Structures are given as structure tokens and as C-alpha cells.
Amino acid sequence: MRKRDETLRGKLLACAREMVRAGGPEAVNVRELAARAQVATGTVYNYYRSKEDVLLALTEAEWRQALDALPAEVGEPPFVAQAGRMYAYLQSRLQGPAGPLMKSLRGEEPLARERMRAAQRMLREPVARMLAQDAAIAPEIWNEQFTRERYADFVLVNLLALLEQKMDCIGFFLDIVKGTLYQ
């Protein structure tokens, strides 16, 4: 089997991204993708097993880019304000190409769910770090059961649920964060 060219993989994703922006995820098909990238249809299959695999890779790329920008978007402590800015930032990303891409993955649920869990695990560390950087949070609140990492998971699970429900106001959730962290 030939070694895969990462430049060509990037070109395929860039072409798929253009197709999604023009017509949504349903506009992506392997033949059109191959034509836009000026390669044979079989070449696309050397990189991706199916259209769904292309959409999954594109979704991951969109979220990786979003996660890379997240620290700059959430700014400085207090954590409760960072959580609110994190929600607003992720909400804005879902209004772009990432939202329709995520919805298109429903057919690939087991793989898509595992990759989303992996993305959540990647997010846990920066969120736990934000918690550690907030000097207003008393260090003694953390213990074996109530750890920064578990609290980061709690915040992420709830933020993602609120995003899925398309909640515009997350004040109640932020009040819970405030009440548990700042005594």
C-alpha cells in the first residue's frame, strides 16, 4: 500500500469543507470531492472509507481548530466567567460548519460518539487548568471525590448538554458553578 500524502489529505479536507459551506454535509459525495481535488475517485478511498469518514475527519478538524483557539477565547479567571465565555464560543462554533457536520454524523454513532468522547477528554485538561488558575477558588474544596478533573467533566457534560438543547441562557448553570466553587 502506498504511503499516504498528508498534503493530499489536507487538500481533500479543504475541498470537502468548501462543499459543506456551499451546500451542507449532504452536498459532499466522493466523486465530486475527487473531481474538486483533481484526483481519481479511488484515491479518495485510499484516505477515507466513505463519505461519512470524510465528514467525521472534517468534523474532527473543525473541533481541533476550535479547541486550539479556546484558551484565548475564554480569557482570564474567574472560572465562572470563563465557563460562560466557553459556552458562548462553542455556541458560535456550532452556528458555523461544525454544527451541521455534527448532525450529519448521527449515522456513524459508535465511532462519532467515541471521537466526541476523546474530544471531551482533550478539553478536560484545559478546563481543569482554568480551575487551578482561579485564585478565588479555595484549594481545600478539592478532595478525593471532588477533584478538579471530575468537576471539569461535570462542567463539560453540562455545557455540551446545554449546547445540544440550544439554550440561550445558561445563568442557572453558572449559578450552580458559582455556588459550588466560591464559598
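For a test of understanding, tell me how many lysine pairs in the chain have Cα atoms under 30 Å apart, given they are 8 or more places apart or on different chains.
Step by step, the pairs that qualify in the chain add up to 8.
Hey, what number do you get for the chain at 222 nm if only DSSP H runs of n ≥ 4 count, each worth -39500 (n - 2.57), divided across all residues, to the nearest 500? It would help to have the intermediate numbers written out before the result.
Working: 9 runs with 134 residues, N = 183.
Computed ellipticity for the chain at 222 nm equals -24000 deg cm²/dmol.
Taking Cα atoms, how many degrees apart are the long axis of helix 6-23 and the longest axis of the chain, rounded to 10 and kept between 0 and 90?
80
Let me know the longest stretch in the chain that avoids all trypsin sites (Lys or Arg not before Pro) found in a DSSP loop with at most 15 other C-beta atoms within 10 Å.
Details: sites that count: 2, 3, 4, 49, 166.
Answer from the scan: 50-165.
Output wanted: per-residue J couplings in Hz (rounded whole) for segment 55-61, from phi through Karplus 6.51 cos²θ - 1.76 cosθ + 1.60, θ = phi - 60°, x for Gly and Pro.
Once rounded to whole Hz, the list reads 5, 5, 4, 5, 4, 4, 5.
Expected output is a single nm value to one decimal: the length gained when fully extending between residue 141 and residue 7, i.e. 0.36 nm times separation in residues minus the C-alpha distance. What is it? Please list the in-between numbers first.
Values: separation 134, 0.36 × 134 = 48.24 nm, distance 4.83 nm.
Extra length available between residue 141 and residue 7 comes to 43.4 nm.
Could you derive backbone 3J(HN,Hα) for segment 166-183 from the dihedral phi with the Karplus parameters 6.51, -1.76 and 1.60 (θ = phi - 60°), listing whole Hz in sequence and x where the residue is Gly or Pro?
6, 6, 7, 10, 10, x, 4, 4, 5, 5, 5, 4, 4, x, 8, 9, 10, 10
What percentage of all Cα-Cα pairs in the chain are separated by more than 19 Å? Numbers along the way, then the final one.
On the way: 10332 of 16653 pairs.
Roughly 62 percent, once rounded to a whole number.
Positive end of the dipole of the chain, charges at C-beta (+1 Lys, Arg; -1 Asp, Glu), about the Cα centre: which of 71, 155, 94 has its Cα farthest in that direction?
Sorting the options by dipole projection puts first 94.
Relative to the longest principal axis of the chain, what angle (0 to 90°, nearest 10) does the C-alpha long axis of helix 109-133 take?
Rounded to the nearest ten degrees, it is 40.
Can you compute the modelled spin-label distance between residue 164 and residue 103, with each label point 7 Å from Cα toward Cβ, in nm?
Distance between the two pseudo-spin positions: 1.6 nm.
When the chain is fully extended, how far beyond the present Cα-Cα distance does residue 68 get from residue 29, taking 0.36 nm per residue of separation? Can you show the working numbers first?
Details: separation 39, 0.36 × 39 = 14.04 nm, distance 2.85 nm.
The residue 68-residue 29 span can extend by a further 11.2 nm.
Here, each number is a calculation from the coordinates, and none is a lab measurement. These numbers were taken from a predicted model, which means no experiment stands behind them. As a convention, Cβ positions derive from the backbone with ideal geometry for all residues, glycine included, and neighbour counts pool all protein chains shown.
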